[in-house]
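Okay, so here's the structure we're looking at.
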Amino acid sequence: MLSIKNLHASIGDKEILKGINLEVKAGEIHAIMGPNGAGKSTLASIIAGNENYEVTAGEISLDGEDLSELAPEERAHKGVFLSFQYPVEIPGVSVTNFMRTAINETRKANGLEEMPAKDMLKVIREKSELLEIDRKFLSRSLNEGFSGGEKKRNEIFQMAMLEPKLAILDETDSGLDIDALRIVANGVNKLKSDKNAIVVITHYQRLLDYIVPDFVHVLYNGKIVKSGGKELAHELEEKGYDWIKQEQEA
Ligand SMILES: Nc1ncnc2c1ncn2[C@@H]1O[C@H](COP(=O)(O)OP(=O)(O)O)[C@@H](O)[C@H]1O
Ligand SMILES: [Mg+2]
């Protein structure tokens with residue numbers, strides 16, 4: 001599904017990613033962990049097509065298609081979803097209406113007709129039931145006065161509605177409380193399928209008490225320095241990131 005080869009990226013004259021290799025297959029959940037400043041959010045932004053970063057070498061492809069020349073919207077239309085760490089508030093636009101527009105834009109970009117209102121309602125009902133989201137929430141203004149947990153609920157609802165091939169959830173520094181963690185974890189566990197792939201980025205091991213990743217990667221100083229199974233997350237929790245630092249500097 002996602003294939004990243006020897007990715008190097010910079011901002012200004014500072015190199016942030018220094019040769020990332022990552023293969024994510026359909027049906028898999030990958031966790032990317034690492035200390036602050038390692039380049040985790042940068043990697044997520046670059047996969048989604050953020051133009052503030054310059055890719056200086058390497059390739060990113062989705063189902064064999066090179067993404068490098070595509071704008072962020074085009075990548076989204078091809079099924080790349082990135083959660084926003086700092087979501088925008090849109091007064092007067094409800095959670096549901098925002099979703100309607102997003103879905104129809106994606107359909108249009110893929111040469112499909114708008115989804116009939118009746119079908120849309122049905123999907124909204126199904127997905128909100130699946131994720132235990134109540135109706136009142138769906139009619140609220142997007143992100144306006146949302147708590148941390150509500151922002152996460154909205155994000156997971158968007159992911160459920162858009163059914164991305166590749167979902168990247170950047171949960172780094174947002175100081176998630178336990179409720180928010182559960183919402184994210186529950187959503188990921190319910191939305192995981194053999195047709196999609198999910199990459200969860202997190203600084204803390206705690207989220208991985210609820211989501212069981214198939215693979216864990218440690219990003220340090222712009223490189224993936226360790227990969228393993230879920231036990232790697234526990235090992236990191238135990239030994240801390242100093243363990244990685246010492247190994248790298250030895
Ligand atoms: N827009 C930017 N301008 C300047 N430096 C940046 C920018 N974005 C990221 N960086 C730098 O790149 C490095 C990696 O940042 P980031 O990807 O946010 O790390 P992480 O998400 O792992 O904490 C940091 O040293 C950070 O200061
Ligand atoms: Mg980050």
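The values are calculated or read from the model by the stated rules, or taken from the named source; none is laboratory data. Bear in mind the structure is a predicted one, so any value in this text is a computation, not a measurement. Backbone-built Cβ (ideal geometry, glycine too); neighbour counts: all protein chains shown.
Screening Val188, Val218, Val184 for residues that are of a type outside the set (D, E, K, R), within 16 Å of ligand 1 (Cβ to nearest atom) and not in a loop (DSSP other than H, G, I, E, B) leaves exactly one candidate, Val218. Report yes if some residue within the range 45-53 is loosely packed, with under 14 Cβ neighbours inside 10 Å, of a type outside the set (Lys, Arg), under 28 Å from Gly229 (Cβ atoms) and in contact (Cβ under 8 Å) with a residue 40 or more places away in the chain; otherwise report no. Among the residues of the range 45-53, not one is loosely packed, with under 14 Cβ neighbours inside 10 Å, of a type outside the set (Lys, Arg), under 28 Å from Gly229 (Cβ atoms) and in contact (Cβ under 8 Å) with a residue 40 or more places away in the chain, which makes the answer no.
For the range 88-136, the set of residues classified as hydrophobic (A, V, I, L, M, F, W, C), within 27 Å of Ala71 (Cβ to Cβ) and surrounded by fewer than 14 Cβ atoms within 10 Å (Cβ to Cβ) consists of Val88, Ala109, Leu112, listed by residue number.
Of the set (1) among the hydroxyl-bearing types (Ser, Thr, Tyr); (2) more than 28 Å from Asp194 (Cβ to Cβ); (3) away from ligand 2 (no atom under 15 Å from the Cβ); (4) modelled with pLDDT under 95, all apply to Thr106 but (2). For the range 1-30, taking the residues that are touching a residue at least 40 places away in the same chain (Cβ under 8 Å) and acidic (Asp, Glu), the one that is farthest from Ile46 (Cα to Cα) is identified as Glu28.
So for the range 64-85 (the condition being within 16 Å of ligand 2 (Cβ to nearest atom) and loosely packed, with under 13 Cβ neighbours inside 10 Å), does at least one residue qualify? Reasoning before the result, please.
At the first step, the residues of the range 64-85 found to be within 16 Å of ligand 2 (Cβ to nearest atom) are 82-85.
Remaining after also requiring loosely packed, with under 13 Cβ neighbours inside 10 Å: none.
No, that holds for no residue.
Do we find that Lys239 is within 16 Å of ligand 1 (Cβ to nearest atom), out of contact with any Gly (no Cβ under 7 Å at 6 or more places or on another chain) and over 26 Å from Glu155 (Cβ atoms) in this structure? In short, no.
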